[in-house]
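The values are calculated or read from the model by the stated rules, or taken from the named source; none is laboratory data. Because the structure is a prediction, the values reported are computed rather than measured. Virtual Cβ from ideal backbone geometry, glycine too; neighbours counted across all protein chains shown. These area figures cover heavy atoms from the full protein model, side chains too; ligands, DNA and RNA do not enter into them. Shrake-Rupley method; radii C 1.70, N 1.55, O 1.52, S 1.80 Å.
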Amino acid sequence: MSLLPDLINLNLSDSTEKVIAEYIWIGGSGMDLRSKARTLPGPVSDPSKLPKWNYDGSSTGQAPGEDSEVILYPQAIFKDPFRRGNNILVICDAYTPAGVPIPTNKRAAAAKIFSHPDVVAEVPWYGIEQEYTLLQKDVKWPLGWPVGGYPGPQGPYYCAAGADKAFGRDIVDSHYKACLYAGINISGINGEVMPGQWEFQVGPSVGISAGDELWAARYILERITEIAGVVLSFDPKPIQGDWNGAGAHTNYSTKSMRANGGFEVIKKAIEKLGLRHKEHIAAYGEGNERRLTGKHETADINTFKWGVANRGASIRVGRDTEKEGKGYFEDRRPASNMDPYVVTSLIAETTLLWKA
């Protein structure tokens, strides 16, 4: 008699060439991930070879009931760590039946910026540090915290080990390996300053792929926390008071910045970012004003400043970059709930295309 785990772990390649493709898209809130699966006749590795699909946009807040069909365009493929074998995860973006990107499709506009010849020539690299908080399912309170109460003050938890300091490591490590299996360029993980909060990093990734990979990694994390019975929060300030918020620090470099003399290019790019500070803050995530207070390793939301090795700055340049005269910088302003398509493309637009 088969048990559920036996059936879930069935190896389809033993009996059929057919594969399962999980089509993933972003819902109406801009942060809710939706997905559904379909059967394909055989393995596929090129998204352009995948069929378009549709869904009921009225059920995701993306279309009216009387004209609810939204079309999914496959854009990126990853191996499926849940079904394994030749099964795949497919990152899609969403269009009207007439082929117009729907308002919540931020990928289409980003793809235009990343296909601009001036941007292509500079080969922009991104490394995104995605912070998140794990919550107890029924009380929506951080994992490891006493229900209705608080743990000891921050200090012992960052990159810590031990049952009284690190909460949810099984989820974090499962996610790390699942992302590597999927082909996502995940580069590391660590425990964060607030207990129950963790971080993973994606990159270096080039151009639009940074957004595709981060959304795929978020989806995989949502699925793993679902299995674990834990709630995943990308709120930029999940707990008020003397607790760190959650960000998505975005590291960035261009070909010119990585070449000799690149530090001067970096300084000019930072100057441009300062001139468009308000536009960037407006696009860097909802509720960010609760996080960017000038405390807890942030710069005040209304202030733009940069510095070397300064984690209280809007833009941080590493000591190695200063020493070598080339490298990258870190934009510390994006919130944990930012859209990576919006943030990465806006940084590229401001630094490479915008004329001050």
Residues (in a helix (DSSP H, G or I) and within 16 Å of the chain's Cα centre (by Cα)) located in the range 101-120: 107, 110
What single numbered condition from (1) in contact with a Leu (Cβ under 6 Å, 6 or more places away or on another chain); (2) modelled with pLDDT of 95 or more fails to hold for residue 301? (2)
All but one of (1) assigned to a helix (DSSP H, G or I); (2) open to solvent by less than 40 Å² (accessible area, probe 1.4 Å) hold for residue 330; which doesn't? (1)
Taking only pairs six or more apart or across chains, which ones have beta-carbon atoms under 7 Å, a first residue in the range 67-83 that is within 19 Å of residue 181 (Cα to Cα) and in contact (Cβ under 8 Å) with a residue 60 or more places away in the chain, and a second residue that is among the basic types (Lys, Arg) and open to solvent by 30 Å² or more (accessible area, probe 1.4 Å)? 82/223
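From 72, 89, grab the single residue that is under 20 Å from residue 224 (Cα atoms), in contact with a strand residue (DSSP E or B) (Cβ under 8 Å, 6 or more places away or on another chain) and among the hydrophobic types (A, V, I, L, M, F, W, C).
Working: 72 fails: under 20 Å from residue 224 (Cα atoms).
Selected residue: 89, the only one of 72, 89 that is under 20 Å from residue 224 (Cα atoms), in contact with a strand residue (DSSP E or B) (Cβ under 8 Å, 6 or more places away or on another chain) and among the hydrophobic types (A, V, I, L, M, F, W, C).
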Tell me the residue from 225, 250 that is assigned to a strand (DSSP E or B) and in contact with a strand residue (DSSP E or B) (Cβ under 8 Å, 6 or more places away or on another chain), please. 250
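Where residues in the range 334-356 are charged (D, E, K, R) and part of a loop (DSSP other than H, G, I, E, B), which of them is least open to solvent (accessible area, probe 1.4 Å)? First the steps, then the outcome.
Narrowing the range 334-356 to residues charged (D, E, K, R): 339, 349, 355.
Going one step further and asking which of them are part of a loop (DSSP other than H, G, I, E, B), we end up with 339, 355.
On the way: 339: 24, 355: 156 Å².
Looking at the filtered set, the residue picked out is 339.
Being touching a residue at least 12 places away in the same chain (Cβ under 8 Å), more than 13 Å from the chain's Cα centre (by Cα) and part of a loop (DSSP other than H, G, I, E, B) narrows it down to one residue among 152, 144; which is it?
On inspection, the qualifying residue turns out to be 144.
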So, in the range 274-317, how many residues would count as being in a strand (DSSP E or B), of a type in the set (A, V, I, L, M) and open to solvent by less than 30 Å² (accessible area, probe 1.4 Å)? 2
Test: residue 17 is assigned to a helix (DSSP H, G or I), open to solvent by 60 Å² or more (accessible area, probe 1.4 Å) and acidic (Asp, Glu): no
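Of everything in the range 172-197 that's in contact with a Ser or Thr (Cβ under 8 Å, 6 or more places away or on another chain) and over 20 Å from residue 82 (Cβ atoms), which residue is surrounded by the fewest Cβ atoms within 10 Å (Cβ to Cβ)? Outline the logic, then answer.
Initially, the range 172-197 is screened for residues in contact with a Ser or Thr (Cβ under 8 Å, 6 or more places away or on another chain), giving 185, 194, 196-197.
Add one more test, that the residue is over 20 Å from residue 82 (Cβ atoms), and what stays is 194, 196-197.
On the way: 194: 23, 196: 26, 197: 27.
Looking at the filtered set, the residue picked out is 194.
If the requirement is being farther than 26 Å from residue 111 by Cα and either of a type in the set (A, V, I, L, M, F, W, C) or at pLDDT below 95 (or both), which of these qualifies: 193, 202? Even if it seems obvious, please write down each step before you answer.
Numbers: 202 fails: farther than 26 Å from residue 111 by Cα.
Among 193, 202, only 193 is farther than 26 Å from residue 111 by Cα and either of a type in the set (A, V, I, L, M, F, W, C) or at pLDDT below 95 (or both).
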Give all pairs with beta carbons closer than 9 Å in which a residue from the range 165-186 that is at positive phi meets a residue that is among the aromatic types (Phe, Trp, Tyr); count only pairs at least 6 apart in sequence or on separate chains. 168/198; 183/78
Residue list for the range 54-68, filter: open to solvent by less than 70 Å² (accessible area, probe 1.4 Å) and assigned to a helix (DSSP H, G or I): 57, 58, 65
